[in-house]
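Accompanying notes for the structure given below.
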Amino acid sequence: MAEYDVVVVGGGIVGLSTAYALTVARPGVRVAVVEKEPEFSRHQTGRNSGVIHSGVYYRPGSLKARYATEGAAEMVEFCKAQGIPYEVTGKLIVATSAEELPRLRALAERGRENGIPVTELDAAGIRSYEPEVAGLAGLHIGTTGICDYPAVARRYGELAEQAGAELITGTEVLAVTRRADGVTVRAGQRELRCGVLVNCAGLHSDRVARLAGDDPGVRIIPFRGEYYELVEHRRGLVRGLVYPVPDPAFPFLGVHLTRGVHGDVHVGPNAVPALAREGYDWRTVRARDLAETAVFPGTWQIARRHWRYEIGELHRSLSKRAFTTAVQRLLPAVTTADLVPTVAGVRAQAVARDGSLLDDFAFAGFDPDDPHSPRRVVHVLNAPSPAATASLPIGREVARRALAALAVN
């Protein structure tokens, strides 16, 4: 039996950032990170587009807005200090139809409210940044960048380990027992005892919350994001990052163009229901995951509200020609021959019973500001994009809650 002050469940970028933040905030704290996969960052962290988000999209005053703007600047400094590949590229947000122009202006105002420098562009201004991109008007966001998030997560883990944390891989958490004096975690063949359990399990965060005896009030509904990339000799079509104006009626950004730190250009994603929480293609089906999604009332509320949009997403998933047509709104010169499939990702989206998708980062369990909150556990229930960008401030917030819980128990 191993004894720790804090056990962190989940070895993605948020879990590893939390472990790093714990060791910085309290040197000598006994920390373990438990990851069911044989290596860290196998899921959301290792399958995202690598964008350092500016925070322009997020509601002023929200955690996403605060943590993204703060985290973007910190991420650049962290990568610079640690020798991790990164680049501050800037980003274009492009309106391709007249009906998008009011939303574009509103987005510019939101960015300014969040303290982000925004430059408004006409069609000629768009072409000065991206000669092959078509649009009526656009915004240039200078603080957006790109980096290697798996490398960032690995470095968080290395720094935590150097400070004394134990990193445990290939070990799934099977049971959690809360005691008066702590928590017992059965992980694989091991039994770990700790003062506080931190749940950063991403795609399985609601399940780990239930293992710990808490009703999270939400269910993780997995949405797969399917990407293509430009063939090597056509990468010159895109210089940096190009995004559409987001549709406020749908919670995903839509197909965009992203040049990565290694020179590849990702195109996508679309957003389709995944048939498993780790369902990275249509062939991967998990009966338990499907059953949990099907019986949850929020699933059917989402379907009722967004079925027209989702039919279009499914069409683009099943038809490369339809996907190409969607891309051509931004990049007219692209053809189906220019696009080849690449790695897909699954977004861990927390959904309430009424079908509303949690828009902000969400924590549960012990809250230092609420004396009646449950002790011994801290849950990160919703941390989709821009969680990688915001991983340093998120990690500090989770560490703050965990150490406060440790102090009162």
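Just so it is clear, none of the values below were taken in a lab; they were calculated from the coordinates. Since this is a predicted model, take the numbers as computed values, not measurements. Using ideal geometry, Cβ is built from the backbone for each residue, glycine included, and neighbour counts are taken over all protein chains shown.
Data table
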quantity	calculated
Charge dipole (debye, nearest 20) of the range 197-342; +1 at Cβ of Lys and Arg, -1 at Cβ of Asp and Glu	300 debye
DSSP bridge pairs, the chain: antiparallel proportion in percent, nearest 5	75 percent
Burial ranking of peptide ranges 400-409, 172-181, 51-60 (average Cβ count within 10 Å, highest at the top)	51-60, 400-409, 172-181
Lys/Arg +1, Asp/Glu -1 at C-beta; the chain dipole; positive extreme among Leu107, Val185, Phe361	Val185
Shape call, the range 227-286: gyration tensor on alpha carbons, a/c limit 1.5	oblate
Highest-fluctuation residue, Ala151, Ala352, Ala106 considered, GNM on the chain with Cα pairs under 10 Å	Ala106
Long pairs among Lys80/Lys320; Lys64/Lys91; Lys36/Lys64, criterion Cα-Cα beyond 30 Å	Lys80/Lys320
Cα shape, the range 91-140, gyration tensor, a/c 1.5 rule	oblate
Structure-derived percent of Cα pairs over 41 Å apart: which label, when the choices are (1) 14; (2) 27; (3) 43	(1)
Dipole of the chain [Lys/Arg +1, Asp/Glu -1 at C-beta], most positive-end residue of Gly10, Gly71, Tyr57	Gly10
